[in-house]
Amino acid sequence: MAIKYKGGKCTICGYDKYVGSLSLHHRNPKEKDFGLSVRGLTRSWTKIQTELDKCTLLCLNCHMEIHGNIMQLPEETQK
């Protein structure tokens, strides 16, 4: 549901072949209330959506390049 909510593809390159290769990147780690990859979340969908709104959906390659300071999120996704 989270992947679908965030558009189903990498925000940067559009990758959408395998859902297991997509991840959520918190744009501002200081605003992170909880990790979305933790199994067994027992929060309401509304609380999860609030957290998802702080994230950008990325493929693993783009996600790692952002963390490696090789690439930056497009400006329109930083809001």
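The values are calculated or read from the model by the stated rules, or taken from the named source; none is laboratory data. No experiment lies behind these values; they were computed from the predicted model shown. With ideal geometry, Cβ positions are generated from the backbone for all residues, glycine too; neighbour counts draw on all protein chains shown.
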Cβ-Cβ under 6 Å pairs, at least 6 apart or on other chains, the range 55-79 side in a helix (DSSP H, G or I) and modelled with pLDDT of 90 or more, far side of a type in the set (A, V, I, L, M, F, W, C) and surrounded by 14 or more Cβ atoms within 10 Å (Cβ to Cβ): Cys62/Cys10; Cys62/Ile12; Glu65/Met71
Just one of the numbered conditions (1) in a loop (DSSP other than H, G, I, E, B); (2) modelled with pLDDT under 85 is not true of Lys30; which one? (1)
Would you pick out the residues in the range 1-60 that are polar (S, T, N, Q) and closer than 16 Å to Pro74 by Cα? Thr11, Asn28, Thr56
Counted residues in the range 1-50 being surrounded by 14 or more Cβ atoms within 10 Å (Cβ to Cβ), charged (D, E, K, R) and closer than 20 Å to His67 by Cβ come to 3
